[in-house]
Amino acid sequence: MRKALVIGNWKMHGLSSRNSELVEQIASGIEDEAFSSVDIGMCPPFVYLQAVATQLAETAIAVGAQNMSQHASGAYTGEVSAEMLVDSGCGLVILGHSERRAIFGEADVDVAAKVQAALQAGLLPVVCVGETLQQRESGEATAVVVNQLEQALSGLSADNIARVVVAYEPVWAIGTGLTASPEQAQEIHKVLRVSLYDLAADTADTVRILYGGSVNAGNAQALFAQPDIDGGLIGGASLKAQEFIAICRAAA
Ligand code: PEP
């Protein structure tokens, strides 16, 4: 009942000439029929959003940003607002990615403010949660992700929770080649689903929970076959056209 969603997170990779080739290859490689069962998004760096959005304008592929400011406008040098993202052709935004949390000190309270700002601007927030290896090994994985989820969604109405996508990305699996097994991932996705029920019983079932962490063409199918895994947030593999296309097909 939940439509699958696959999002490519390009991180800080790509220059214009390579981007347009990648976008062209992906857009022309995905059959029209696939879009009836999978939504697809691409998240290039800020400076390329408008160009990619223009290139994808005639397709069903959405464009998203990898971060945004929680503020609407003002003296925030170097920041980009939700409204600017919409104005540049974005439909979604990744929030609370573990790299933002670990490298740039983004806290749960910042993620929550950004989720609210994104919803207000009409963007689809993709809220990332995930535990570190140390937290997993000390048995804290469940508590960590539930806490991150509850904080990110705090204060949201059930209707607004229905307008959010959650991405479970175990930190130890991001960019490492280590993937959570389908069973490990499903276990956490199920926990997240139960938490969503606690927050918004009527709409929890409609919220898509993506898995991210070294997803590739070889492991995507088994991950997406799990009942609470509704697609993927894809880093490295989203920069390789054929691999990303294969992952989208696995979700369709
Ligand atoms: C990510 O950065 O969101 C991610 C999942 O990266 P990778 O697929 O490269 O592990």
- [ ] For residue 40, enumerate residues with amide H under 5 Å from its amide H, sequence gap 5+ or separate chain, H modeled in the peptide plane.
- [x] 6, 62
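Would you mind working out the magnitude of the charge dipole of the range 97-252 relative to its Cα centre, with +1 at each Lys and Arg C-beta and -1 at each Asp and Glu C-beta, to the nearest 20 Debye?
Details: 10 positive and 18 negative charges, 96 e Å.
The calculation lands at about 460 debye.
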Open item on the list: Skipping prolines and chain starts, which residues have an amide H placed within reach, meaning under 5 Å, of the one on residue 234, given they are 5 or more residues away or on another chain?
Closed with: 7, 8, 9
- [ ] Go ahead and estimate [θ] at 222 nm for the chain from helices alone: -39,500 (n - 2.57) per DSSP H run with n ≥ 4, summed, over the residue count, rounded to 500.
- [x] -11500 deg cm²/dmol
Open item on the list: List the GluC sites (Glu not before Pro) within the range 26-107 that DSSP assigns to loop and that have no more than 12 neighbouring Cβ atoms inside 10 Å.
Closed with: 31, 58
Open item on the list: Can you give me the distance in nm between label points at residue 134 and residue 222, each placed 7 Å from the Cα along the Cα-to-Cβ direction?
Closed with: 3.0
- [ ] May I ask you to compute the full-extension gain from residue 76 to residue 109, defined as 0.36 nm times their residue separation minus their alpha-carbon distance, rounded to one decimal in nm?
- [x] 10.1 nm
Task: the range 206-223 versus the range 110-139: alpha-carbon centroid distance in Å - done: 17
Task: Summed side-chain charge close to residue 228 - residues other than residue 228 whose Cβ falls under 11 Å, Lys, Arg +1, Asp, Glu -1 - done: +1
TODO: Would you look at the GNM of the chain, springs on alpha carbons closer than 10 Å, and say which of 166, 144, 111 moves the most?
DONE: 144
Open item on the list: Can you give me the distance in nm between label points at residue 17 and residue 86, each placed 7 Å from the Cα along the Cα-to-Cβ direction?
Closed with: 3.7
Task: Virtual spin-label span in nm between residue 54 and residue 176, 7 Å along Cα→Cβ - done: 4.1
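The numbers here are math on the coordinates, done by the rules we state, and not lab data. Keep in mind the model is a prediction, meaning the values are calculated, not measured. Here Cβ is always computed from backbone atoms with ideal geometry, including for glycine, and neighbour counts include all displayed protein chains.
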